[in-house]
2 protein chains.
Amino acid sequence: MAQSGDVPVDFRTDPSRYRHWKVAIDGRVATLAMDVREDGGLRPGYELKLNSYDLGVDIELYDAVQRLRFEHPEVAAVILTSAKERVFCAGANIRMLSQSSHPWKVNFCKFTNETRNAIEEATAESRQIYLSAVNGPCAGGGYELALATDHIVMADDGNTSVSLPEIPLLAVLPGTGGLTRLVDKRHVRRDRADFFCTVEEGVKGKRAVDWGLVDEVVPRSKLEATARRRAAELAARSDRPADARGIRLVPLERTIEGDRVVYAYVTCVIDRARGVAEITVAAPATLPPADARTIHDLGCGFWPLALARELDDLVLHLRTNEPEIGLWVLRTTGRADLVEAYDRCLADDETDWLVREIRLYLKRTLKRLDVSSRSMFALIEPGSCFAGTLLELALAADRSYMLGGVRQGDDRPPATVRLTAMNFGAYPMGNGLTRLASRFLGDPGRVDDLKGRLGQDLAAAAADEAGLVTFTPDDIDWDDEVRIAIEERVAFSADALTGMEASLRFAGPETVETKIFARLSAWQNWVFQRPNAVGPKGALQVYGTGQRSEFDRRRV
Amino acid sequence: MAQSGDVPVDFRTDPSRYRHWKVAIDGRVATLAMDVREDGGLRPGYELKLNSYDLGVDIELYDAVQRLRFEHPEVAAVILTSAKERVFCAGANIRMLSQSSHPWKVNFCKFTNETRNAIEEATAESRQIYLSAVNGPCAGGGYELALATDHIVMADDGNTSVSLPEIPLLAVLPGTGGLTRLVDKRHVRRDRADFFCTVEEGVKGKRAVDWGLVDEVVPRSKLEATARRRAAELAARSDRPADARGIRLVPLERTIEGDRVVYAYVTCVIDRARGVAEITVAAPATLPPADARTIHDLGCGFWPLALARELDDLVLHLRTNEPEIGLWVLRTTGRADLVEAYDRCLADDETDWLVREIRLYLKRTLKRLDVSSRSMFALIEPGSCFAGTLLELALAADRSYMLGGVRQGDDRPPATVRLTAMNFGAYPMGNGLTRLASRFLGDPGRVDDLKGRLGQDLAAAAADEAGLVTFTPDDIDWDDEVRIAIEERVAFSADALTGMEASLRFAGPETVETKIFARLSAWQNWVFQRPNAVGPKGALQVYGTGQRSEFDRRRV
């Protein structure tokens, strides 16, 4: 994904380093104002005019959304707006896109999609409710950002409109869920959506309200006051605690040395020759705190939160900076009983706002795995601790291998897996189902049966019978079977695997989220490599050069 | 779609011309046996070995499935098998694929998908139940064909297996719904599906049953008897009339003269300069027959059946032979009251087996419009008859323009649209909802309200208020507004439009069918243009040449 010669992208940031966003908090309401620095691009070669954005801008947005959740329990509504006088947001920067490789474009869109989904999830589940105050032209990715909020107030002036000009202007699709959110979230009538998506200048005023593109328009002079009033109304419906103190998201410690990426609990060793990343997640070393109060005191030191942050960062790092590493091998190490004890904390204290945030963060992080275009194999061996939250890693993997029995010369007991309450609802996938329910789609009763095995140590035969693992080779077969499976996997076409995995991972019901990742992204990936968009005369390529694009008119 | 220099593809055929399929009927059970002639390819340059298929083979299959429905009401179960000794079906012909252009591959897969969906629909709704007797290796598209049937019996011998070898062998995805049907229809566990789709040799015997890949395996010597027994059991559950006489699907009359394609009720005029096809559908000229008996006597002369056949053929013709014609303009002409009268026939006699078939055929034909990668505008003008079944054309269109009032110098009354009972359930889209329900996804009550307007003539203002049309320009604005809309549409990138339309047309719930067309097809389209598959060293390109494929390992 990294363009050659570029330094790796670091997803870690904090408000002291923001260049593009301003966060202001006033009691129950925060304002997140976009104020993109034109010369602040992540890469050279383009200027971020008119509040257009690149990955760097979105990394800050992602960080701001996270911090509002964890550091500001008192904030119950967030107004998304622009700090610029004459524009809300012009969307993703076009020159940046036209200079980017296909993989960069696709990965960029994936991350921005995840951040917009996180905004919707903050609204729905953290009850930190986002709304938009559209105070100037709101185009493309700018409107898609507004679409991710639950209420859109727009200025009714000659200058301000919402638009998705990608198709008429650039011959690509809106990159962050716009088409799906129009018809499936806002239920804009499809013929109106069709018209809207082909009109470069977009729609404004009353028609935008009548068609459901925005929720209300008000005179420019009343925009700010209206947004504040709506924010207060929405905040009044939130259950976020007005008097709680947030925790600080301290800088995440990470060491990259050669081919090793090391965090406190997560370690990744990259084998470039084979194209494999060996990821090991360690169980906590000690018992969990006895009460929610102590969880708050521990903050980022609380193992589940540390785990979420480390895994999240690693996934983003590998996706963006290590595109040739096609297979992630997932292992765990440590004591399953301690993992289970922490899971009990997460289950028992779920009404605590911070515990809720940690559960949601773990959920989002596991979902990042689901949509990562990498193969994942889980290896379940003696000394591992695939219990509860960590068992989700094996369930997220494309397949799992569990060693049956012990290894010669290894006096550790056989590997086991263990279900906890956290496997039965805390971590739904994008399709709205738990990984267990998705796994047993044809036999839902099995999930209920498994509740009877909560807390039991299931060795290979039992885990196999329960349907929790794919293969259970014994010591004699293990090395060859696993080695061959890995060698074969990395030898297949990267693209065919991506298409296959995206198809098999999302069985069952569809949601706006699965439609965005499993359907819309695929169309977009397709369009992103069509000559009409990216060929020498393609619209994305010639945009702004004064040349006319030339299209192959054949419909495919 | 047509390769340059090729003669156009004709989708019309009949059993006397079959070269690849054998149909045998024995009471309630038909056998459809694949027996592909190696030298019978639609195009030169490849041999159809091992029961591999190309579009020509699939056109015959499509015809056979249609005829069994209409010509054989007594057939209640259909055994799909191979007439060859040593192979069931090797799937789509690989040399054909590697020689084909991207548009040809995509269009070929679309048509084969529609035929497999029709097999499932025949099973579910015509109660002509398909099962497979797998009597030899069943690979790729061969297995996908079996997956479209409701019961798969497989020979348990050393030679016979099911497999999806596309990913390991060709670096493409299974082309006709295999991935989706594995996890969403047969509910194969996703980790097992993952393994299965990466194993070239596939899975056989007991494991194939345990994993749900097939329903039963039996010794080779018992395969035929078992299939017959299962067919008899399935037939016993069918409501198809054992003693009814079928109608004959007589040759469909069509004239192609220059840029005009003319049928009895459907006319298409192609404007190559603009890239537009002007399609006009005529209402029936006379009152419908008074009873179902007369419908049977009329057979293909019964207007709704004629309409379905003509529109079906035209859509297939335009898709395959006119790829540069990107916009289909849909008009109707004639008396709305006659259309409504025929709709009443279709509604009143729905328990008649033939009427049921005609309704289902209309449904399938309208669904072909939904998945056609062409823009569609409906123009509703004085003299038109967008009523009931024909109103579905306007609802299927991406947008509609309805002339408000009359034209100067035209003494015909203003255009109206009319709802009939057929708009409220007979023609669900792939998502399982009617076009009205899909249109008003956010406001389901509106569909109920519209039932109150059944049979009323709604002029432009009323139709607009009812939400049935997109724009209602008057005589002064009409010409410019419509002309500009058409000019703009055909000037946009063909690919961006395809991606947009596929996204906006399928809002709401997902089914196996929408997943196949809206999601899986997109991934496949993407993979079908990736260098790992179709580049000079791509797997599909070098297959069979003795060269090794070379892959770009970057994951996208």
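The values are calculated or read from the model by the stated rules, or taken from the named source; none is laboratory data. Given the structure is predicted, the values throughout are model-derived calculations rather than measurements. We place every Cβ from the backbone using ideal geometry, glycine too, and count neighbours over all the protein chains shown. Just so you know, the surface numbers come from the protein's heavy atoms only, side chains and all, with ligands and any DNA or RNA stripped out. Shrake-Rupley method; radii C 1.70, N 1.55, O 1.52, S 1.80 Å.
What about B:Arg331, is it basic (Lys, Arg) and in a helix (DSSP H, G or I)? Break it down into steps so the answer makes sense when it comes.
Working: basic (Lys, Arg): yes; in a helix (DSSP H, G or I): no.
Criteria not met by B:Arg331.
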Flag if B:Leu249 is at pLDDT 95 or above and surrounded by 14 or more Cβ atoms within 10 Å (Cβ to Cβ): yes
Based on what the data block shows, is B:Arg483 open to solvent by 40 Å² or more (accessible area, probe 1.4 Å) and either closer than 26 Å to A:Phe196 by Cα or more than 7 Å from every other protein chain (Cβ to nearest Cβ) (or both)? yes
Could you say whether any residue in region A:519-527 is of a type in the set (Phe, Trp, Tyr) and either within 20 Å of the chain's Cα centre (by Cα) or more than 13 Å from every other protein chain (Cβ to nearest Cβ) (or both)? yes
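So which of B:Asp239, B:Asp259, B:Asp243 is touching a helix residue (DSSP H, G or I) at 6+ places or on another chain (Cβ under 9 Å) and open to solvent by 50 Å² or more (accessible area, probe 1.4 Å)? Spell out the reasoning first.
Values: B:Asp259 fails: touching a helix residue (DSSP H, G or I) at 6+ places or on another chain (Cβ under 9 Å); B:Asp243 fails: touching a helix residue (DSSP H, G or I) at 6+ places or on another chain (Cβ under 9 Å).
Only one candidate passes the filter, namely B:Asp239.
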The condition of being among the polar types (S, T, N, Q) and under 30 Å from B:His317 (Cβ atoms) holds, among B:Asn135, B:Asn159, B:Asn113, only for B:Asn113
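Conditions (1) open to solvent by 30 Å² or more (accessible area, probe 1.4 Å); (2) not polar (S, T, N, Q), marked per residue:
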{"residue": "B:Leu316", "(1), (2)": "no, yes"}
{"residue": "B:Arg319", "(1), (2)": "no, yes"}
{"residue": "B:Gly326", "(1), (2)": "no, yes"}
{"residue": "B:Asp337", "(1), (2)": "yes, yes"}
{"residue": "B:Thr351", "(1), (2)": "yes, no"}
{"residue": "B:Glu357", "(1), (2)": "no, yes"}
B:Leu450 vs. criteria assigned to a helix (DSSP H, G or I) and more than 24 Å from A:Arg553 (Cβ to Cβ): yes
Considering only residues that are among the polar types (S, T, N, Q) and either in contact (Cβ under 8 Å) with a residue 12 or more places away in the chain or open to solvent by less than 10 Å² (accessible area, probe 1.4 Å) (or both), which ones fall in region A:278-312? A:Thr280, A:Thr286
Can you name the condition, by its number, that B:Glu488 falls short on among (1) at pLDDT 95 or above; (2) within 10 Å of chain A (Cβ to nearest Cβ); (3) crowded, with 20+ Cβ neighbours inside 10 Å? (3)
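When only residues in region A:461-480 that are within 14 Å of another protein chain (Cβ to nearest Cβ) and assigned to a helix (DSSP H, G or I) count, which is surrounded by the most Cβ atoms within 10 Å (Cβ to Cβ)?
Step one: list which residues in region A:461-480 are within 14 Å of another protein chain (Cβ to nearest Cβ), which gives A:463-473.
Next cut, assigned to a helix (DSSP H, G or I) only: A:463-465.
Values: A:Ala463: 26, A:Asp464: 16, A:Glu465: 11.
Ranking the qualifying residues of region A:461-480, first place goes to A:Ala463.
Checking the conditions here, which among B:Arg407, B:Arg368, B:Arg364 is more than 17 Å from B:Asp312 (Cα to Cα), open to solvent by 10 Å² or more (accessible area, probe 1.4 Å) and either part of a helix (DSSP H, G or I) or basic (Lys, Arg) (or both)?
Details: B:Arg368 fails: more than 17 Å from B:Asp312 (Cα to Cα); B:Arg364 fails: more than 17 Å from B:Asp312 (Cα to Cα).
Every option except B:Arg407 fails the conditions.
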Of all the strands (runs of 3 or more DSSP E) wholly in region B:203-315, which have at least 3 residues that are β-branched (Val, Ile, Thr) and either under 27 Å from the mean Cα position of the chain (by Cα) or under 24 Å from B:Ser375 (Cα atoms) (or both)? B:266-271, B:276-282
Somewhere in region A:334-355, is a residue within 30 Å of A:Phe108 (Cβ to Cβ) and touching a Leu at 6+ places or on another chain (Cβ under 8 Å)? no
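So which residues in region A:197-209 are open to solvent by less than 90 Å² (accessible area, probe 1.4 Å) and of a type outside the set (A, V, I, L, M, F, W, C), if there are any at all? It would help to see each step written out before you state the result.
Initial filter on region A:197-209 (open to solvent by less than 90 Å² (accessible area, probe 1.4 Å)): A:197-199, A:202-203, A:205, A:208-209.
Result: A:Thr198, A:Gly202, A:Gly205.
Let's see how each residue does on (1) out of contact with any helix residue (DSSP H, G or I) (no Cβ under 7 Å at 6 or more places or on another chain); (2) open to solvent by less than 30 Å² (accessible area, probe 1.4 Å):
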| residue | (1), (2) |
| --- | --- |
| A:Thr13 | no, yes |
| A:Trp21 | no, yes |
| A:Leu42 | no, no |
| A:Ser52 | yes, yes |
| A:Tyr62 | no, yes |
| A:Val65 | no, yes |
| A:Arg69 | no, yes |
| A:Pro73 | no, yes |
| A:Ile79 | no, yes |
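Yes/no matrix, rows are residues, columns are (1) of a type outside the set (S, T, N, Q); (2) surrounded by fewer than 24 Cβ atoms within 10 Å (Cβ to Cβ); (3) more than 10 Å from chain A (Cβ to nearest Cβ); (4) assigned to a helix (DSSP H, G or I):
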| site | (1), (2), (3), (4) |
| --- | --- |
| B:Val153 | yes, no, yes, no |
| B:Asp157 | yes, yes, yes, no |
| B:Gly175 | yes, no, yes, no |
| B:His187 | yes, yes, no, no |
| B:Ala193 | yes, no, no, yes |
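Could you say whether any residue in region A:213-231 is within 14 Å of chain B (Cβ to nearest Cβ) and crowded, with 23+ Cβ neighbours inside 10 Å?
To start, the set of residues in region A:213-231 that are within 14 Å of chain B (Cβ to nearest Cβ) comprises A:213, A:215.
Narrowing further to those that are crowded, with 23+ Cβ neighbours inside 10 Å: A:213.
The answer is yes; a qualifying residue exists.
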Could you please find all residues in region A:387-413 being within 14 Å of chain B (Cβ to nearest Cβ), touching an Asp or Glu at 6+ places or on another chain (Cβ under 9 Å) and over 30 Å from A:Cys109 (Cβ atoms)? A:Tyr401, A:Met402
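Out of B:Leu458, B:Leu433, report the one residue that is touching a residue at least 12 places away in the same chain (Cβ under 8 Å) and within 13 Å of another protein chain (Cβ to nearest Cβ).
Working: B:Leu458 fails: within 13 Å of another protein chain (Cβ to nearest Cβ).
It is B:Leu433.
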Of the residues in region A:128-151, those that are open to solvent by less than 10 Å² (accessible area, probe 1.4 Å), touching a helix residue (DSSP H, G or I) at 6+ places or on another chain (Cβ under 6 Å) and part of a loop (DSSP other than H, G, I, E, B) come to A:Gln128, A:Gly140, A:Ala148
Taking only pairs six or more apart or across chains, which ones have beta-carbon atoms under 8 Å, a first residue in region B:196-224 that is of a type in the set (Gly, Ala, Ser), and a second residue that is open to solvent by 60 Å² or more (accessible area, probe 1.4 Å) and at pLDDT 95 or above? B:Gly205/B:Asp156; B:Gly212/B:His187
Sort through A:Leu504, A:Leu441 and tell me the only one that's assigned to a helix (DSSP H, G or I) and of a type outside the set (S, T, N, Q). A:Leu504
Within region B:418-430, residues free of Cβ contacts under 8 Å to residues at least 60 places away in the same chain, open to solvent by less than 30 Å² (accessible area, probe 1.4 Å) and not in a loop (DSSP other than H, G, I, E, B) come out as B:Asn423
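Quick check on this structure: which one of A:Val490, A:Val512 is closer than 30 Å to A:Trp104 by Cβ, touching a strand residue (DSSP E or B) at 6+ places or on another chain (Cβ under 9 Å) and touching a residue at least 60 places away in the same chain (Cβ under 8 Å)? Please lay out each step first, then the result.
Details: A:Val512 fails: touching a strand residue (DSSP E or B) at 6+ places or on another chain (Cβ under 9 Å).
Step by step, each of A:Val490, A:Val512 is checked, and only A:Val490 is closer than 30 Å to A:Trp104 by Cβ, touching a strand residue (DSSP E or B) at 6+ places or on another chain (Cβ under 9 Å) and touching a residue at least 60 places away in the same chain (Cβ under 8 Å).
Residues are listed down the side, and each one gets a yes or a no for (1) touching a Cys at 6+ places or on another chain (Cβ under 6 Å); (2) modelled with pLDDT of 95 or more; (3) among the hydrophobic types (A, V, I, L, M, F, W, C):
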residue	(1), (2), (3)
A:Lys49	no, yes, no
A:Leu80	no, yes, yes
A:Ser98	no, no, no
A:Glu125	no, yes, no
Kindly check whether there is at least one residue in region A:529-551 that is among the aromatic types (Phe, Trp, Tyr) and open to solvent by less than 60 Å² (accessible area, probe 1.4 Å). no
